[in-house]
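Heads up, the thing below is written out as structure tokens.
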Amino acid sequence: MLFRLLTVAAFAVASPTSYNARPYVHTAKRQSSNDSSNLEVDLGYSVYQGFSNATAGLNVFQGIRFAAPPTGQLRWQAPRAPESNRSSTIPATSYAPTCPQSPSGGNGTVLPTNQTGASEDCLFLNIWTPSNATGPLPVYVWIHGGGYGQGNGRQDLTAFINTNGNAFVGVTIQYRLGAFGFLSSDEVYRKGVVNAALLDQHLALQWVQQYIHLFNGDSRQVTISGESAGGGSVMLQDMSYGGTLGTQLFINTIAASPYLPMQYGYKDWVPSQAYYAFATQAGCAPTSPYLKNGSTPIFECLTNKDSATLINASAAVSQQTSFGTWAFLPVTDGTFVQDLPSRQLARGQVNGLNMLVGNNANEGVAFTPQDIQTEDDLVAYLRITFPLFSNNDIAKILYYYPSSNASVNPNALLFATEGDMGPTALNESSVGTGQQQRADNIYAETTFVCPSYWMVEAYSNNRAGGQGYKYQFSIPPAYHGADVAGYFDYPGEYYSVDFTTAFQKIYGNFVTSSNPSISNAVANGVSGGNVSVNAASAWPPYSIYAPYQLDLNTTCPVITVQGTNKLCAGPTAINDFRLVNAYTWEGGRGTRCDFWRSVGELVPE
């Protein structure tokens, strides 16, 4: 399980920033932002010119700088607002460089030093705004996933905005990845900041508060959203500063498959060892953790290294980790991230008002070794995955995850479970059976599924008056990440027109009205004209006493075959949405998530 319209002056006072980030104080004004021939926006520090997508009815601005380049002496420091650059209008017509990438371990990927299109100077954002907007619109901010080591902000929001009638403004952001964003140790904490990438995200949200009105956005109605590590980022922004920010930066949050790695303290052994491994790879290593490299301390040596050396070092160390894990991850720092999510979320200490959170039916496959045949194999895997667990703790896992198979049956029929009847995800899926499925499900629930339960519970009748809503994406095989095409692709491009339209409307309605309910006609399928009552049209908020989630699936007479997977995603797919009990789902998933919360300090999560 290595794996959330104020004036500038008022905002600067209210936000408990303990790091050295200069607040935005630039004078800004809009210049003909709806004129396709002169799409210029003056941000005070720079003037940007976007372009018009007349077909989509959107004005697009790509590559807008929201922070100074975090290079050289600004490495592992809190992000700072951009310096003034008004010598000429800056074209905002192409994406900025991506941040350097650091893949997970055990996947066979080897990244070279010269990563094409990547740069440490990567703190940019992109905006899609309806060209015919007559007043301020709600704002949707997307935080990309990728295990905190991969990904970028190049997700095109056009289809999602169009499906929702161009009713909101879309923003995507980038943040430092790998060692650049998550290097941690006592020395980094004393001389810079840990969780630098989370502060990048925080600064981007501050940027939205000050400048989004220039793009017809309403800073009082912001929704932040993300999938996987993006969903985990949403969780940590929800928790930032102990949940004391209220609605200063956003009112709604959407988290899909929120990724919860082991979250160590900033100077614990594991992040410290990653720090020394990174220093060694970069040529800044001491002979022991307590000695210095010649006359130059490790931290100063790293800040003086060339970018290519550090990019290579970050990627190399990350790829040396165990299967499906990353080396550089968020830590508990006592200020921005004050506690383990399992504990703080249980106290309901969160920012914002409302939460929409979901998980996929088969999250763990890509992150679990697919060679677990026997229970002995499983136990060996558990000892590696949970190194702080005793024999008694391992025994508890086996108790909470019973298996009917002593070993994998190669002749067993693979099929997607129903969730509330018949065999469950404890032993069966469309990908695995027996001990292999047992391992897949353990990883899925500890890393992605249970965090979604804890998040929705934190917002259930929360102290600020908001609500939480929960769903599961279940279209087989429902791998981790398979849902993204549902809310970002054009209807019919991957999943059916009916399903994609409904899914995007669920997200869109939550952005615009803080409620994910959709009409019966859309829920049943826009192509069929069926307006009979559908569970999605009166989606009840989640609560402990009524733990409802919406199961999002499809049925169809024709199965699309993709490789070895059978997928009901073609044009004949029929929406199959059901309201189910999330606590008893898949053989008592809620009970298992309670178990993982109880052992959170040993995971830690």
Any idea how many residues of the range 285-306 are modelled with pLDDT of 95 or more and touching a Ser or Thr at 6+ places or on another chain (Cβ under 8 Å)? 1
Among the listed residues ALA366, ALA361, which satisfies the condition of being crowded, with 24+ Cβ neighbours inside 10 Å and either under 24 Å from ALA485 (Cα atoms) or hydrophobic (A, V, I, L, M, F, W, C) (or both)? ALA361
Among the residues in the range 30-47, are any among the acidic types (Asp, Glu), surrounded by fewer than 15 Cβ atoms within 10 Å (Cβ to Cβ) and modelled with pLDDT of 95 or more? no
Looking only at the range 250-266, how many residues end up being surrounded by fewer than 24 Cβ atoms within 10 Å (Cβ to Cβ) and more than 23 Å from THR385 (Cβ to Cβ)? 1
When you scan the range 56-175 for strands (runs of 3 or more DSSP E) that lie fully inside it, which ones turn up with 1 or more residues that are small (Gly, Ala, Ser) and assigned by TED's automatic domain parsing to the domain that holds SER225? 58-65, 169-173
Looking at the range 386-425, which of its residues are surrounded by 11 or more Cβ atoms within 10 Å (Cβ to Cβ) and in a helix (DSSP H, G or I)? ASP393, ILE394, ALA395, LYS396, ILE397, LEU398, TYR400
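The values are calculated or read from the model by the stated rules, or taken from the named source; none is laboratory data. A quick note: this is a predicted structure, and the numbers were derived from the prediction, not measured. FYI the Cβ positions are ideal-geometry reconstructions off the backbone, even for glycines, and counts take in every protein chain you see.
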